[in-house]
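These notes concern the structure reproduced below.
The values are calculated or read from the model by the stated rules, or taken from the named source; none is laboratory data. These numbers were taken from a predicted model, which means no experiment stands behind them. All Cβ positions, glycine included, derive from the backbone under ideal geometry; neighbour counts span all protein chains shown.
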Amino acid sequence: MSGAARGALGINGLGRIGKLTVWHHAARKHFPHLVVNLGRGVGKDLEAVCDVIEHDSTYGRLHRFLHGLNGKPCVHIIDRDRKLIEVNGMPVTLLQEARDPRDIAWRDHGVRVVVDTTGAFDDPTRPVDDPKGSLRGHLWAGAEKVIYSAAFKSKQAVPDDVTTLVFGINHEAFDPGRHHLVSAASCTTTALAHMVKPLLESLGARSFMTASMSTVHAATNSQSLLDSVPKAGATDLRKTRSALNSIILTSTNAATALEQTIPDIGQIGFMADSVRIPLPTESLIILNVTVQSPQPVSDGERPAINRDTINDIYREAAGPDGPGHILCSERQNVPADVSGWRAAVVIESVETHTRTGFVTVDLATLPGVPYAVLESLEDTEVRVPVTHAKIFGWYDNEYGSYTNMLGDLTCHVADRLD
């Protein structure tokens, strides 16, 4: 599909993911034009918006991020009256009048696909006229498809036109004739899905006995910079403690979203939690899985599933000519080493650990075992060989992993339009 046929790309919000989405598409140039809705004034003038786009406390200045030390400033005002600027040679129109999605002038600017990065419209069942605004308002305003840069949350069953997609996992399930609201899940779900899928495909979901993960996650804007008073009804009091000084134990919906993208995970009772730490970006998933070994292990015999087995699964998934969603690192990394890496997840293969042993199971305590079978056994206790594996995966939860995967999904959705 030509750039003109794709139309302009709409981006709602200029927060962390919104700004980095501008960076991604200004570098990629898959769309001929970007239309960014801020929904309010910024600073004293248009220069203030340009300054926000050009400078970043985590990744540095845009032109150096894209072009190295010899790069030159690449954000310029083209037409002040039309609020038209240029970012790395790409025209970007700024809208500042409307906050409610249904009032944004997408139709007037030829926008077919909108990426909503506000985090304000996570319930896809909200009607267009909801007083708090609705993701469906973008469709009312002229967009054909909306991609939400977070997981959906709803107490009701979602309509058939809603789906959750992670690029490289289940993005091919996108149906342009059916799906209008698409969640790109979260940064953690994106990385986790790319860690889990190769294991399921290689070992089989039925071999999994338990699975869980913890993400050691960079701070986000949902936390307080300094200690603050919780809002009425708040249940997570730790998020009001200083993000600069605290390790925050909190929850994550990654397990729920993972099942939406990889249904087989529903067979496993997956658990997930999060630990927030004082870093601006770069996060780490610690994945724990226990699987039934495919064959008994005798004393002195090397386990059938071991450290090399697990690492080889990821090396094969990455491949020398793979899409780059998974990288396998042979070095000892720290967070700064993976900042900006264009991969959904970077496997820290030097830290993969496995341990194989036996679990004793009394068949008499298991539901569904026929009485005749139990009667035929001399001993109802059996020893089952199991392997526990601990796998570490880095991900840049802002640009390197999440925004790039979001950008790939956005281009895929746009290219599937008639």
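Structure values in brief
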{"read-out": "Test for Val42: is it surrounded by 14 or more Cβ atoms within 10 Å (Cβ to Cβ), at pLDDT 95 or above and in contact with a helix residue (DSSP H, G or I) (Cβ under 8 Å, 6 or more places away or on another chain)", "value": "no"}
{"read-out": "Residue check, Leu363 without any contact (Cβ under 8 Å) to a residue 40 or more places away in the chain and in contact with a helix residue (DSSP H, G or I) (Cβ under 9 Å, 6 or more places away or on another chain)", "value": "yes"}
{"read-out": "Members of the range 75-92 that are in contact with a helix residue (DSSP H, G or I) (Cβ under 6 Å, 6 or more places away or on another chain) and under 17 Å from Gly7 (Cα atoms)", "value": "Met90"}
{"read-out": "Condition check for Arg61: surrounded by 14 or more Cβ atoms within 10 Å (Cβ to Cβ), within 20 Å of Glu282 (Cβ to Cβ) and free of Cβ contacts under 8 Å to residues at least 40 places away in the same chain", "value": "yes"}
{"read-out": "Residue pairs meeting the criteria (Cβ under 7 Å; at least 6 apart or on separate chains; first surrounded by fewer than 18 Cβ atoms within 10 Å (Cβ to Cβ), in the range 146-170; second assigned to a strand (DSSP E or B))", "value": "Asp161/Leu181"}
{"read-out": "Residue that is surrounded by the fewest Cβ atoms within 10 Å (Cβ to Cβ), among those in the range 24-35 that are within 18 Å of Leu84 (Cβ to Cβ) and within 21 Å of the chain's Cα centre (by Cα)", "value": "Ala26"}
{"read-out": "Top-ranked residue in the range 227-277 [being touching a residue at least 40 places away in the same chain (Cβ under 8 Å) and of a type in the set (D, E, K, R); ranked as surrounded by the most Cβ atoms within 10 Å (Cβ to Cβ)]", "value": "Arg276"}
{"read-out": "Some residue of the range 282-295 being small (Gly, Ala, Ser), in contact with a Cys (Cβ under 9 Å, 6 or more places away or on another chain), in a strand (DSSP E or B) and in the same structural domain as Lys390 (by TED's automatic domain parsing)", "value": "yes"}
{"read-out": "Residues located in the range 74-87, provided they are more than 30 Å from the chain's Cα centre (by Cα) and closer than 19 Å to His55 by Cβ", "value": "His76, Ile77"}
{"read-out": "Qualifying positions in the range 64-81 - over 22 Å from Leu46 (Cα atoms) and in contact (Cβ under 8 Å) with a residue 12 or more places away in the chain", "value": "Phe65, Leu66"}
{"read-out": "Candidates Thr252, Thr188, Thr240 - the one that is touching an Asp or Glu at 6+ places or on another chain (Cβ under 7 Å) and closer than 30 Å to Gln292 by Cβ", "value": "Thr252"}
{"read-out": "Wholly enclosed strands (runs of 3 or more DSSP E) of the range 127-194 bearing at least 2 residues modelled with pLDDT under 95", "value": "none"}
{"read-out": "Sole exception among (1) of a type in the set (D, E, K, R); (2) over 19 Å from Val114 (Cβ atoms); (3) surrounded by fewer than 16 Cβ atoms within 10 Å (Cβ to Cβ) for Lys197, by number", "value": "(3)"}
